Amino acid sequence: MRSSPPEEAPGARPMRVGIIGTGFGSRVVAGAFRDAGCEVTDVVTARDAAAVRSLCRSDIDLVAVHSPPFLHASHVAMAIDAGRAVLCDKPFGTSVDEALVMTQAAEAAGVPNFINFEFRHQPARRTMQQLLETGAIGRPEHLAYTAFTSGSRVPLRPWGWLFDRSLGGGWIGAFGSHAIDLIRWLLGDIERAGAATWINIPERPDADGKLHHCDAEDAFSGWIELRSKATASVDSTFTAGVSLAPRIVITGSEGAIENVGDARLSLHRQDGTNELIEFDRPAGDPHHSAMTTWAAAIRDAVIHGKVISPSFADGLACMRVMEQWRARPAVPLGSSLG
């Protein structure tokens, strides 16, 4: 999809973006910024510090950091030192301490900063937000989010940083960060949280066939209490035997909203009437449509010097909840091949 045109003066050059990360950064983010009317000057591997440093100091407006979490702190620091606006992927480092240092550094330098919670721009979720804002279900009381996918089991995903807790791995960071941001965005500030975490596949072979122990959770069941006194629960795994459509349900004092697979939204009213809203399933990578809309919002914020959310402050707030969810070590439950 093509985004709205840039809000810039006639004849001005497009916003220039440099991307760190040849995985998601190359596969999704580069195309999203191009579709938003930006010029992507280069995509460099996250493992080459010299290439990253050179990119940050090149003639660009924004550095988009899509490296693994254990490299976020150093890559964000390079971008800030070069005076660039910076977009960082979630889960925003490996700890609250790292997230706090990055947030404070960006604020001290006065550089525009953004976190890649692109699913705020997914059409079904934006519709949910609008329904809540208009009081369609009265006072929100509970959000329940279930997401069960076989993404790392069928086929079996090789061992890598995603399964190493010390490197910022784990399903809480990969998926739970998006769920926490959704809850904060829709329902407000979070006061307390906790979770049970487990590991269904405790050993995985690497690309060379060598078995490695996995100490990062691949499944969790989390709870949240919000300042508004609403509650939330998130149950998810990416080691299910089969994948099911994710489901987000928000119940309120006067009704409920049900989102199935971000494709079908149902509004259930207290008087027994229902409204069904259906959305087209995006072709290709499911991240691309929301990412393109988010890229266009970032483009306009950088061009006009606007402060928009989600920013590093949102990434830090999310990390504080993630740390509560990760408080207990994950419990190994399964076998190496399931």
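The values are calculated or read from the model by the stated rules, or taken from the named source; none is laboratory data. Predicted model only: the values in this text are computed from it and were never measured. Cβ placement follows ideal geometry from the backbone for every residue including glycine, while neighbour counts extend to all protein chains displayed.
Restricting attention to the range 271-297, which residues are assigned to a loop (DSSP other than H, G, I, E, B) and either in contact (Cβ under 8 Å) with a residue 24 or more places away in the chain or under 26 Å from R27 (Cβ atoms) (or both)? Show your work before the answer.
Going residue by residue through the range 271-297, those that are assigned to a loop (DSSP other than H, G, I, E, B) are 271-273, 279-287.
The answer is F279, D280, R281, P282, A283, G284, D285, P286, H287.
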Check: For I19, which of the numbered conditions (1) assigned to a loop (DSSP other than H, G, I, E, B); (2) within 22 Å of F117 (Cβ to Cβ) fails to hold?
Finding: (1)
Next item on the list: Report, ordered by the first and then the second residue, all pairs with beta carbons closer than 9 Å, sequence separation of six or more or different chains, a first member in the range 134-163 that is closer than 24 Å to S67 by Cβ, and a second member that is part of a loop (DSSP other than H, G, I, E, B) and basic (K, R).
Entry: G151/R157; W159/K210; F163/R157
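Being touching a residue at least 40 places away in the same chain (Cβ under 8 Å) and not β-branched (V, I, T) is the requirement here; does P202 meet it? So that I can check it myself, show each step before the final result.
Numbers: touching a residue at least 40 places away in the same chain (Cβ under 8 Å): yes; not β-branched (V, I, T): yes.
For P202, the condition - touching a residue at least 40 places away in the same chain (Cβ under 8 Å) and not β-branched (V, I, T) - is met.
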Notebook entry, point to check: When you go through S150, S177, S166 one by one, which is the residue that is closer than 28 Å to G241 by Cα and modelled with pLDDT under 95?
Noted result: S166
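One line per residue, one yes/no per condition, for (1) buried (at least 16 other Cβ atoms within 10 Å of the Cβ); (2) out of contact with any Asp or Glu (no Cβ under 6 Å at 6 or more places or on another chain):
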position: A193; (1), (2): yes, yes
position: A196; (1), (2): no, yes
position: E203; (1), (2): yes, yes
position: D208; (1), (2): no, yes
position: L211; (1), (2): no, no
position: S221; (1), (2): yes, no
position: T239; (1), (2): yes, no
Check: What are the residues in the range 241-263 that are free of Cβ contacts under 8 Å to residues at least 40 places away in the same chain and either crowded, with 20+ Cβ neighbours inside 10 Å or part of a strand (DSSP E or B) (or both), if any?
Finding: E258, V260
Next item on the list: Identify the residue in the range 298-312 that is outside any loop (DSSP other than H, G, I, E, B), closer than 23 Å to F24 by Cα and of a type outside the set (D, E) and, among all such residues, is nearest to the chain's Cα centre (by Cα).
Entry: F312
